[in-house]
1. Exceeding 24 Å between C-alpha atoms, which entries from my cross-link table qualify? They are Lys71/Lys149; Lys533/Lys688; Lys77/Lys114; Lys342/Lys505.
2. Near Leu588, within a Cβ-to-Cβ distance under 12 Å, what is the net charge of the other residues, with Lys and Arg +1 and Asp and Glu -1?
3. Could you give me the ³J(HN,Hα) list for the range 111-121, computed from phi with Karplus coefficients 6.51, -1.76, 1.60 and θ = phi - 60°, whole Hz, x at Gly and Pro?
4. Taking 0.36 nm per intervening residue step and subtracting the Cα-Cα distance, what contour gain separates Ser185 from Glu269 on full extension?
5. What residues qualify as long-range amide H neighbours of Ile151, i.e. H under 5 Å apart, gap of 5 or more or another chain, H built at 1.01 Å from N?
6. Would you check the accessible area of His224, probe 1.4 Å, heavy atoms only, in square angstrom rounded to 10?
7. Would you please give the residues with an amide H less than 5 Å from that of Gly662, counting only those at least 5 places away or on a separate chain, with H modeled from the backbone geometry?
8. Straight-line reach from Lys597: which aspartates and glutamates fall under 13 Å, measuring Cα to Cα and dropping same-chain residues less than 8 apart?
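The values are calculated or read from the model by the stated rules, or taken from the named source; none is laboratory data. What you see is a predicted model, and the numbers here were worked out from it, not measured in a lab. When we count neighbours, we look across all protein chains shown, and the Cβ atoms used for this are built from the backbone with ideal geometry, even at glycine. Just the protein is used for accessible areas: all its heavy atoms, side chains included, with ligands, DNA and RNA removed. Shrake-Rupley method; radii C 1.70, N 1.55, O 1.52, S 1.80 Å.
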Amino acid sequence: MNKNSSRYFELVEMITLYNKKYYVDDDPIASDAEYDSLFRELLQFEEDHPDLLVDHSPSQRVGFHPLKEFKSKAHSKPMLSLSNIFNQEDLTDFHERQLKALEAKNITYFCEPKIDGIAVSLLYEKGILTHGLTRGDGFSGEDITQNIKTINTIPLKLIGQNFPDQFEVRGEVFIDINDFEKLNSEAKKTGDKVFANPRNAAAGSLRQLDSKITSSRPLKFFAHGIGIHSQGLPQNLEKVFEYIQGLGIPTNPLNQLCNSINECQSYYEDILSRREKLNYEIDGVVIKLNSFAEQEALGEISRSPRWATAYKFPSEEARTTLESIEYQVGRTGTLTPVARLKPVSIGGVTVSNSTLHNFDEIERLDPRVGDDVLIKRAGDVIPKVVKVFPAKSRQHKITPPETCPCKLGMPIQQSVSLVWEIYDQEQQKRIKTFLSKYEANEFLDKNKGSSLEIIEKSEPLSSYKCTGNRSCPERIRGKLIHFVSRRAFDIEGMGNEIVKLFIEKGLLENFNDIFNLSSHSETIKEFDGFGTKSCHKLIQAIEVAKNISFERLLYALGIDEVGEATSKALARAFEYPEALASASFKSLIEIEDIGPKVASNILDYFADDFQKNEFLNLGSILNIIFPKTVTNNALSGQIFVITGSFESYGRDEIKALLEQRGAKVSSSISKKTNALLVGANPGSKLAKAETLGVTVYNEKNLAKLLSDG
Ligand code: IVH
């Protein structure tokens with residue numbers, strides 16, 4: 001080895017290490033500039049000395065010529081699939097079978113999340129990655145070596161020395177959920193193919209004949225087993241995973257050894273509860289016998305091992321029929337297409353509606369009445385249509401409605417939400433084609449070059465709005481529902497159905513009407529589902545809600561794009577309602593985080609005399625708590641804990657009132673707590689406060705404390 005070549009191998013080693021620290025360990029040890037400079041040096045060297053180039057050089061991750069087709073290659077050992085179980089009873093049966101077959105009293109299992117990705121096999125020969133194959137039919141797969149090499153977390157050369165001649169690792173290639181979303185939103189913008197889910201995105205990326213495309217996709221890998229190997233390995237899965245990890249191959253940190261079947265059940269429950277927070281999709285956990293000797297003793301049946309099973313999570317998807325498409329009108333007037341479905345159970349919940357988001361989504365999926373659709377419901381997320389299975393004889397294409405569903409004959413206004421100049425020529429062409437379907441091209445031509453409505457590029461190209469503002473009952477309903485919702489006025493007992501009922505009965509039309517409901521209590525008592533008690537409770541809740549912070553009031557108005565953070569900023573900047581209602585554009589955009597779009601939404605809102613007067617009138621009905629910074633008073637720096645419920649205040653209101661006076665509100669009692677504020681039905685906190693000798697106040701004391709403070 002001469003001096004030149006030793007520098008070359010040093011470069012290969014260094015860049016490989018930097019890559020591992022960056023991609024696998026999430027712990028970068030080199031600056032971008034240093035990395036780039038070494039990489040340039042490496043490329044230069046390989047250009048000058050092509051004879052020295054090694055297969056595991058980091059430069060070999062990209063830059064291959066596109067293939068004409070993938071070659072098929074036999075697996076040296078079949079890649080098996082897994083049997084499924086679905087509940088605790090199945091798990092007990094699985095365990096019983098293992099105990100019986102092994103004549104054992106106890107079994108140790110190795111448990112892993114079941115990743116929803118693509119199974120691949122990686123072959124390392126003398127420590128160098130030489131082959132990457134898809135699972136295919138289990139006996140042979142496609143040779144995707146050059147695509148596998150683009151995956152940054154997969155080492156091209158294993159860490160260490162004295163590797164077995166052959167060592168095959170099997171595992172799952174997948175794509176993180178947020179990377180998948182980024183990929184799709186880019187694809188939407190450029191008119192490329194949009195993937196239905198992360199698994200399809202991973203599969204599509206691995207199946208590219210041009211590995212440059214694969215290299216632009218953020219694929220990841222977790223090992224979940226081994227194939228052939230020419231040297232003795234540790235005796236169980238737990239140890240093999242440690243070994244694999246030591247070689248620099250990624251394994252899932254959530255894998256766990258379980259010493260009993262109860263531990264396996266707890267593992268399943270634990271992973272299920274974390275599922276929503278994970279950044280990759282999983283559809284269950286895999287339970288495997290830990291010992292290889294025990295695995296061998298059990299063998300396999302119909303291409304699945306007897307020694308492992310997939311304990312599946314309840315399904316998040318179901319197929320059903322699309323019965324109709326309707327339009328929901330939000331408080332801002334924007335129409336959202338909603339799919340009405342033949343009711344179907346997903347994970348124990350009956351789903352009969354599902355969102356189609358916007359008209360771009362309808363363009364993309366082309367759902368038609370009578371088609372079958374695949375619905376996905378993940379956690380708290382609103383069920384959505386992810387795929388359409390066209391019916392044999394199809395109904396007509398869905399086109400945007402001409403009037404608002406409020407059926408008052410209100411014309412729909414197509415708001416072209418874009419700043420023309422930010423799109424490149426190709427995108428402009430695509431937008432024009434899109435709009436021509438709705439005869440909006442002329443509108444666009446006329447307005448080209450002027451700022452129409454400024455929105456982020458990632459928003460849908462067009463949205464439909466009802467032009468009727470206060471005259472659209474659907475919009476009014478949306479506004480009122482938002483006004484009383486939890487993060488706004490938080491009126492207990494006033495859910496969506498009650499709001500709808502009161503509108504129907506003519507008791508509610510605007511915000512002020514809510515605070516006049518007490519004058520209709522005789523009527524309300526007679527409504528279905530109401531009685532003297534519940535009516536009284538509702539009126540009480542409305543009275544309590546009258547104590548409201550300025551920021552919550554602003555949020556409750558439902559001004560377009562004015563969320564909680566903006567409301568807070570506005571409440572701080574304008575000390576009373578009149579000041580905000582007559583604010584200038586300039587004074588609004590001077591506030592941090594308020595841009596021209598939000599400022600003009602605020603101006604538009606108060607330019608409407610009705611809305612302005614309604615807001616000012618609320619100021620005289622409500623007890624608005626304005627933010628004031630207090631530095632020096634009796635409550636300043638005191639730590640309060642609140643427990644139980646209060647007659648005249650909401651808990652959040654008390655918190656705001658105390659904080660305004662410089663106090664802190666904490667959720668648990670400790671020695672540091674200065675006072676506990678007790679309402680009706682306090683929990684264990686009262687007893688704890690008494691043991692710790694913390695001062696206890698009740699609701700009556702609170703009024704005094706607040707007026708003193
Ligand atoms: S073990 C013989 N472990 O699930 C055992 N598979 O239905 C073979 N999968 O084709 C696989 N995560 O693609 C195993 N932690 C995991 C897994 C896993 C996902 C996939 C794999 C396999 C399929 C079997």
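1. Result: Lys533/Lys688; Lys342/Lys505 exceed 24 Å.
2. -2
3. After applying 6.51 cos²θ - 1.76 cosθ + 1.60, I find 10, 9, x, 8, 7, 8, x, 10, 6, 9, 10 Hz.
4. Length gained, Ser185 through Glu269: 26.9 nm.
5. none
6. 60 Å²
7. Val630
8. Result set, ordered by chain and number: Glu453, Glu456, Asp560, Glu561.
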